[in-house]
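Q: Pasting a structure below so you can have a look.
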Amino acid sequence: MQDSPKDLIYSRPQEKVADFQFDETVTEVFPDMIQRSIPGYNTILDGIGQLAKHYIQPNTNVYDLGCSLGAASLAVRRYNSEKGVQIVAVDNSESMIERCKLHLSAFKSETQFTTLHQDILDTNINNASVVIMNFTLQFIAPEKREAMLQKIHDGLLPGGVLILSEKLRHPTQHGDERLIDLHHEYKRRNGYSELEISQKRNALENVMKIDTFNIHEERLNSVGFSDVTLWFKCFNFCSMFAVKPSTQATK
């Protein structure tokens, strides 16, 4: 398999760093960018596949909201063995969703899929047993997050699960600074320069507003989820899952 192009987007000084966008330029280098920027990303993807397998119910939908190139959807397709399951992969970036369709089409699986070029705020969630938001909620305006999660909760079947991966803000300044230091060192060791780290941070400042884990947990509980479980954390990156209560035990 051919290696993806190297992420050099912020390697040259920019007079004014524009807000980060998931445009064609980012799409082209996204696999390299994500691998060099998020610690444990492959572990997260594999865990998403395993968790989805545990909660998927036959003849239901799995939503991958903010699917980018479809890595989480691919993980689900690798692990799922239930019949009649449809993956709905949604992204508001046209270049991302076109590549996602190609990637999913290239992987042979009995699990069907459909792709939607759409803002996930406009996506209808229904007959869902699993919903995935893999580093997506953090790009939604904070004042719209609770309504988005409420829509997901209401569209899930009893016993369904939301798998949510996010970058976190630590509640204390000292702890947050240390976690940021560790993350920046991780990026240095993966070949990013100080200029790239600084300009990328400036590009994300206005478009990615991050929360503490406690805020995530309280918000998920407030819309009706139970048993919010933090299953992965490395530095200031995490993944959690939250279950919609059911009188029936999950598999």
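The values are calculated or read from the model by the stated rules, or taken from the named source; none is laboratory data. Because the structure is predicted, anything quoted here is derived from the model rather than measured. Don't worry about glycine lacking a Cβ; one is built from the backbone with ideal geometry, like all the others, and counts go over all protein chains shown.
Q: When the residues of the range 1-55 are filtered to those that are among the polar types (S, T, N, Q) and over 15 Å from residue 96 (Cβ atoms), which remaining residue is surrounded by the fewest Cβ atoms within 10 Å (Cβ to Cβ)?
A: By that ranking, first place goes to 2.
Q: Can you tell me which condition residue 125 does not meet? The list is (1) out of contact with any strand residue (DSSP E or B) (no Cβ under 9 Å at 6 or more places or on another chain); (2) part of a loop (DSSP other than H, G, I, E, B); (3) surrounded by 15 or more Cβ atoms within 10 Å (Cβ to Cβ), and all the others hold.
A: Among (1) out of contact with any strand residue (DSSP E or B) (no Cβ under 9 Å at 6 or more places or on another chain); (2) part of a loop (DSSP other than H, G, I, E, B); (3) surrounded by 15 or more Cβ atoms within 10 Å (Cβ to Cβ), residue 125 violates only (1).
Q: So which of 84, 47 ends up being within 20 Å of residue 132 (Cα to Cα), touching a Phe, Trp or Tyr at 6+ places or on another chain (Cβ under 9 Å) and not polar (S, T, N, Q)?
A: 47
Q: Being aliphatic (A, V, I, L, M), in contact (Cβ under 8 Å) with a residue 12 or more places away in the chain and outside any helix (DSSP H, G or I) is the filter here; which residues of the range 1-49 pass it?
A: Matches in the range 1-49: 8, 9, 17, 18, 38.
Q: (1) in contact with a Lys or Arg (Cβ under 9 Å, 6 or more places away or on another chain); (2) under 19 Å from residue 82 (Cα atoms): which one isn't true of residue 139, the others all being true?
A: Failing condition for residue 139: (2).
Q: Report every pair of residues separated by at least 6 positions or lying on different chains whose Cβ atoms are under 8 Å apart, first residue within the range 79-99 and crowded, with 23+ Cβ neighbours inside 10 Å and of a type in the set (Phe, Trp, Tyr), second modelled with pLDDT of 95 or more and assigned to a strand (DSSP E or B).
A: Between residues of the range 79-99 that are crowded, with 23+ Cβ neighbours inside 10 Å and of a type in the set (Phe, Trp, Tyr) and residues that are modelled with pLDDT of 95 or more and assigned to a strand (DSSP E or B), there is no close pair.
Q: If you don't mind, another one. With a cut-off of at least 1 residues that are loosely packed, with under 14 Cβ neighbours inside 10 Å and in contact with a strand residue (DSSP E or B) (Cβ under 6 Å, 6 or more places away or on another chain), name the strands (runs of 3 or more DSSP E) lying wholly within the range 140-251.
A: 226-234
Q: A follow-up question, please. Determine, yes or no, whether residue 188 is at pLDDT 95 or above, of a type in the set (Lys, Arg) and under 19 Å from the mean Cα position of the chain (by Cα).
A: Taking the combined requirement at face value, the residue does not satisfy it.
Q: Another question, if that's okay. Which of the residues that make up the range 210-244 are at pLDDT below 95 and on the phi < 0 side of the Ramachandran plot?
A: So the first thing to find is which residues in the range 210-244 are at pLDDT below 95, and the list is 226-227.
The answer is 226, and nothing else.
Q: Suppose we filter the range 87-99 for residues that are assigned to a helix (DSSP H, G or I) and over 14 Å from the mean Cα position of the chain (by Cα); how many remain? Give the derivation first.
A: As a first pass, look at the range 87-99 and keep what is assigned to a helix (DSSP H, G or I): 94-99.
Cutting the leftovers down to over 14 Å from the mean Cα position of the chain (by Cα) gives us 94-95, 97-99.
Total satisfying the criteria: 5.
Q: Now for a separate question. Can you name every residue in the range 66-80 that is in a loop (DSSP other than H, G, I, E, B), out of contact with any Lys or Arg (no Cβ under 7 Å at 6 or more places or on another chain) and either farther than 20 Å from residue 119 by Cβ or of a type in the set (Ser, Thr, Tyr) (or both)?
A: As a first pass, look at the range 66-80 and keep what is in a loop (DSSP other than H, G, I, E, B): 66-70, 80.
With out of contact with any Lys or Arg (no Cβ under 7 Å at 6 or more places or on another chain) added as a condition, the list becomes 66-68, 70.
The one that is in a loop (DSSP other than H, G, I, E, B), out of contact with any Lys or Arg (no Cβ under 7 Å at 6 or more places or on another chain) and either farther than 20 Å from residue 119 by Cβ or of a type in the set (Ser, Thr, Tyr) (or both): 68.
Q: Note down all Cβ pairs under 7 Å where the first residue falls in the range 123-139 and is under 25 Å from residue 207 (Cβ atoms), the second is aromatic (Phe, Trp, Tyr), and they're at least six residues apart or on different chains.
A: From residues that are under 25 Å from residue 207 (Cβ atoms), the pairs are 125/63; 131/63; 132/63.
Q: Can you pull out every residue in the range 104-113 that is closer than 27 Å to residue 149 by Cβ and either in contact with a Phe, Trp or Tyr (Cβ under 7 Å, 6 or more places away or on another chain) or assigned to a helix (DSSP H, G or I) (or both)? Explain how you work it out, then say what you get.
A: Of all residues in the range 104-113, those closer than 27 Å to residue 149 by Cβ come to 104, 111-113.
The answer is 104, and nothing else.
Q: With respect to residue 116, is the statement that it is under 17 Å from the mean Cα position of the chain (by Cα), farther than 18 Å from residue 155 by Cα and outside any helix (DSSP H, G or I) true?
A: For residue 116, the condition - under 17 Å from the mean Cα position of the chain (by Cα), farther than 18 Å from residue 155 by Cα and outside any helix (DSSP H, G or I) - is not met.
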